[in-house]
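A short write-up of the structure that comes next.
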């Protein structure tokens, strides 16, 4: 065989190999349905804030960086829902360590509050300065960023500060809230922000929020300390004390976020659910799922009308049992809530709940009170 | 309340719920800082007992992460006061056990328990509702519910993200 023919053969073989490799790469490349992603995603309650979170991920930020940036954005896009004056709870899965932790930055009761506060619980609207708790939001961001952040703290605030440099539009959701008959009278208190004279702004109209822009800029530059120990905290306390709240600078200075491992249960020996323990609702959610786990619900459970009603009957009953446990979810630093959670997620209690589920949905309220019956039976067993 | 779910390229995930309670919390606005204050002390009303300084009030918030043995993941949580538990639980049941896709799992109308009564969200299946009432379940009319769930699921290599249409949300990914 001539040297030329060998050369051609080698080139042809290499060509065929290249085509085969290319085909293998193309055919084995993961493909997903439209609207699905391959790298990362953010689901916030506005498109703007989801996009800010996604851009943080794309620029090398961690999941925690993206969540913080998304939440800062939410405080501007949906100010009725969350903000620096509130609290936050993070459940964080670290893929490199396989651990799941909870950062609980829920608000706390201040040192001084009205002694008869709870007697006011029957009022139709629990609003006004007496109900303000010490905000934890920023200490939560700070702790989460310290433990899991990669981008500089400031970078997480910049997209929202930029957002605030332009007029903000009253969204359909915000419009629905400020014009809801429940809140329209109360809303007047927010007139410095969302009114034109004495009139509420309407959907599509715009407003500016320069004071918040200044606050966010100061926090971006100086950290959460600007809020809890600095000028912002002082100004905030001055304003809310003027309104009638008893929250002090000491309350702000003392605020700390809690870090703990997430509560977890494994369902059907296959899926592990991680969620925050008390005072959050994770244990109640797990309890409901644990009751239902044994019924082996699946697609065929909804196959026909009879099956559908039976399935939703089970869910309704499990929700009722779970609902009764909510008042027990108190702060473990001040209660025995951890013991309560261990008991409620035990096989014994979920089995007791299942034993009380029959065909009927008209049981009286005490039928769903599992803990009362346990304590009663303990009492009886002690004679 | 507002929930955000995040899944990063390295597989790390965050499920976070933030709140000032109610719409607009306490309705107290700080003119000097631009901050709207919460009314979270109202959440102590559910426990009906004395409050201590420094104590955190009970909450229905349950930002959750579900991880299967095969590595599939669901990052989920919700907003909407007491409805959070029912809304998040039912979205998980729909996704995990009924095999719904994420959008359907979250957007399907839910039911909620209050005491021994059941509240049905608008557009909840009439067939199931009447079936439950025939079994003796007592119904209570839902007056003001704003249950909103945000979730991200990863099955194999594909990531699906959904922000609840109840609050006109939209997710983003890459």
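Nothing in this text is a laboratory measurement; each read-out follows from the coordinates by a stated rule. Just so it is clear, the structure is predicted and the values come from calculations on it, not from any experiment. Using ideal geometry, Cβ is built from the backbone for each residue, glycine included, and neighbour counts are taken over all protein chains shown.
Below are the figures for this structure:
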| read-out | value |
| --- | --- |
| Residue in the range A:70-81 that is surrounded by the fewest Cβ atoms within 10 Å (Cβ to Cβ), counting only those that are touching a strand residue (DSSP E or B) at 6+ places or on another chain (Cβ under 9 Å) and part of a helix (DSSP H, G or I) | A:76 |
| Subset of the range A:141-150 [within 12 Å of chain B (Cβ to nearest Cβ) and out of contact with any strand residue (DSSP E or B) (no Cβ under 9 Å at 6 or more places or on another chain)] | A:145, A:149, A:150 |
| Residue tally, condition facing another protein chain (nearest Cβ under 7 Å) and either touching a residue at least 24 places away in the same chain (Cβ under 8 Å) or under 17 Å from residue A:114 (Cα atoms) (or both), over the range B:49-73 | 15 |
| Residue in the range A:129-138 that is surrounded by fewer than 18 Cβ atoms within 10 Å (Cβ to Cβ), within 17 Å of residue B:39 (Cβ to Cβ) and more than 7 Å from chain B (Cβ to nearest Cβ) present | no |
| Helices (runs of 4 or more DSSP H) wholly inside the range A:111-213 that include at least 1 residues being touching a helix residue (DSSP H, G or I) at 6+ places or on another chain (Cβ under 8 Å) and more than 30 Å from residue A:100 (Cβ to Cβ) | A:153-163, A:172-178, A:191-194 |
| Residue among A:357, A:291 that alone is more than 26 Å from residue B:76 (Cα to Cα), more than 7 Å from every other protein chain (Cβ to nearest Cβ) and in contact (Cβ under 8 Å) with a residue 40 or more places away in the chain | A:357 |
| Qualifying residue in the range A:232-251 (condition: touching a residue at least 12 places away in the same chain (Cβ under 8 Å) and under 30 Å from residue A:99 (Cβ atoms)) | no |
| One residue from B:36, B:46, B:76 being surrounded by fewer than 23 Cβ atoms within 10 Å (Cβ to Cβ), touching a helix residue (DSSP H, G or I) at 6+ places or on another chain (Cβ under 8 Å) and either under 30 Å from residue B:9 (Cα atoms) or facing chain A (nearest Cβ under 7 Å) (or both) | B:46 |
| Condition broken by residue B:94, with the remaining ones in (1) farther than 23 Å from residue A:82 by Cα; (2) within 9 Å of chain A (Cβ to nearest Cβ) satisfied | (2) |
| Those residues of the range A:219-228 which are touching a helix residue (DSSP H, G or I) at 6+ places or on another chain (Cβ under 6 Å) and either within 9 Å of chain B (Cβ to nearest Cβ) or not in a helix (DSSP H, G or I) (or both), in sequence order | A:224, A:227 |
